[in-house]
């Protein structure tokens, strides 16, 4: 059972083992509810014998007084064992699963995230996991436990009278069969509803991200009307998915009740034939009523399994996604070499047969028209993706053989789009080196030309900067990013035109900070404004995913190729 549960519900080995225990205790709990019926049966049987045959009292009143609390205690402990093994275990398993999911996603290549948008992944981490948590705690162990208990109670009834047991049980497998026949349609409706929910999440995210443009162009009314139409569509899909439940459960639940009627008629016949005593007949009728609670529950659990199948499938898709692997290798030198590197997204080639070397202690600039592959090439060197063919090596070692996290220890990145957290300036800079002292953070901020600005703030380095640094200017945000890189002090620096969107005063400060950062490092610059890389040791000119020129700024201007055209256009502009 452990292997079955582990594979079916994507459980850990320990989680599957505890879930199996929960199944057993769920079955025991259902059976424990038969104990009061056994007490009643014993009392009825004895009372009828006394009345009919005038026999002496077999059990004293003290016997029943003792039996009732013992029955209650048995039910209590069965309930406690079931609760501890199902709910406590489930919440622990889901907590571990959330952590495992986060750890797994952390090691996935960026190519995976390109295929899944933010709202989709958020839904998987939050909503899907919550659905699975409810199913694991309220459905899985109880369903299998109910199946076991129904079978055991059925066998107990069969031991007294086989015909009455068959008359009672026959609607149950028929009801299960009918639900499984409707399964595909239900899952299809759930998938349609799920896609519609993701569209609504995407729209909410898009509206919030573009709220300034929406207000600025007075599109509030049109945007809200479009969003309302989308919500109405999602509501319709939701209703279609939900309305199928009562249409399935109502008739099938009524079908189960036919078992009670048939068992009553069969029981009367068996009593009249002398195959059942009156006490046995009454006891079996009580058992028949008790057994329908787990039967009904099984039907509801099956519906929940159908609803949770999509989240479980999406979760499994993430866990089965191929991870980037490698070893923690000691890197001695920091030359980056590309040999015949090619890469593409799906069927579209972005990088085609590129070769060059970025040497330690030199600045290598990547330039070219928009869409030529500059940023993609930088991300390949960072191993955010793996190349389709060719090789990228660091210090003579193929980066595919290096663990991605170990590889990134050697890189610092200052990109145009800075990511900051709603925390203090101190903690945002400390991201560069998590165990850095406050003194080290302040020193990095001074080198990044930040200290004078920070001293003007009421709380200084403990000032919170808002979501993604919303309370700071573009130049201030860039300098925090540079301070992080200075604090990390990695031997390889990646710069993505970090001064493109700042004013002249901030640009001067950032250039001064960068000059401190890149000293004696392997520096890769993605350049849009060519005047910023005039002093680069090597310039790689890209066009349509290929290297078309290579050399210093003066050499490339003299050659009058693509670089010269770009330089001339920017100079005239």
- Hey, if you drop one equal point scatterer on each alpha-carbon of the chain and run the Debye formula without solvent, what base-10 log of I(q)/I(0) do you get at q = 0.07, 0.08, 0.10, 0.12 Å⁻¹? -0.65, -0.77, -0.99, -1.24
- Dividing the helical contributions, -39500 (n - 2.57) per DSSP H run of n ≥ 4, by the residues of the chain yields a 222 nm value, nearest 500 deg cm²/dmol, of -20500 deg cm²/dmol
- Ranked by Cβ crowding within 10 angstrom, fewest neighbours first, how are 193, 238 ordered? 238, 193
- Determine the distance separating the Cα centre of segment 355-375 from the Cα centre of segment 221-236; give it in Å without decimals. 46 Å
- Note on the structure: Protection proxy (average C-beta count within 10 Å per residue), highest first, orders 387-393, 110-116 as 387-393, 110-116
- Message: Between helix 13-32 and the chain, what is the angle of the helix's C-alpha long axis to the longest principal axis, kept within 0 to 90° and rounded to the nearest 10?
- Response: 20 degrees
- Task: Could you grab the relative contact order for the chain? Cα pairs under 8 Å, six or more apart, rounded to a whole percent.
- Result: 14 percent
- How many angstrom separate the Cα center of segment 60-93 from the Cα center of segment 506-573? 76 Å
- Note on the structure: In whole angstrom, the spacing between the Cα centers of segment 439-491 and segment 114-174 equals 55 Å
- Message: I need 479, 219 ordered by Cβ neighbour count within 10 Å, fewest first.
- Response: 219, 479
- Message: Show log10 I(q)/I(0) for segment 287-407 at q = 0.22 Å⁻¹, two decimals, from a solvent-free Debye sum over equal Cα scatterers.
- Response: -1.26
- Could you tell me what percent of the DSSP beta bridges with both partners in the chain are antiparallel, to the nearest 5? 55 percent
- Item | For segment 421-573: relative contact order, % (alpha-carbon pairs under 8 angstrom, 6 or more apart) | 20 percent
- Note on the structure: Quick calc: nm separation of the 7 Å Cα→Cβ label points for residue 117 and residue 400 -> 3.3 nm
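FYI, it's all coordinate maths here, none of it is from the lab. Nothing here was measured: the structure is a model prediction, and the numbers come from that model. When we count neighbours, we look across all protein chains shown, and the Cβ atoms used for this are built from the backbone with ideal geometry, even at glycine.
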